[in-house]
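Written out below as structure tokens is the structure these notes cover.
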Amino acid sequence: MDNKNYDGADLISVVKACAHSRCAGSLLSTSKAVEELRIISGDFVTPDEEMAEAISKTAIALGCTVVFDERAGADTLNMTP
């Protein structure tokens, strides 16, 4: 899959909305980002892994560290300060 299936602005919006800023940089949980992209794009069919790949490419290009933690229906990374 390539990012052409999703609007670049949607991918950037998801990364910015879901990335957590820390003193060492930004961290993105793919579980939360995949769910956010599903809502924004209306795509509830594409497998999580394919969506996470598209999101991760955008996140890395924006300087984020990516944590691949997707599990069906779960936001598994607790990132409270």
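Listed values, structure above:
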{"read-out": "Any chance Met51 is aliphatic (A, V, I, L, M) and either within 17 Å of Asp10 (Cβ to Cβ) or modelled with pLDDT of 90 or more (or both)", "value": "yes"}
{"read-out": "Odd one out for Glu70, checked against (1) buried (at least 16 other Cβ atoms within 10 Å of the Cβ); (2) among the acidic types (Asp, Glu); (3) at pLDDT 90 or above", "value": "(3)"}
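The values are calculated or read from the model by the stated rules, or taken from the named source; none is laboratory data. Source: prediction; values computed, not measured. Cβ coordinates were reconstructed from backbone atoms using ideal geometry, including for glycine residues, and neighbour counts include every protein chain displayed.
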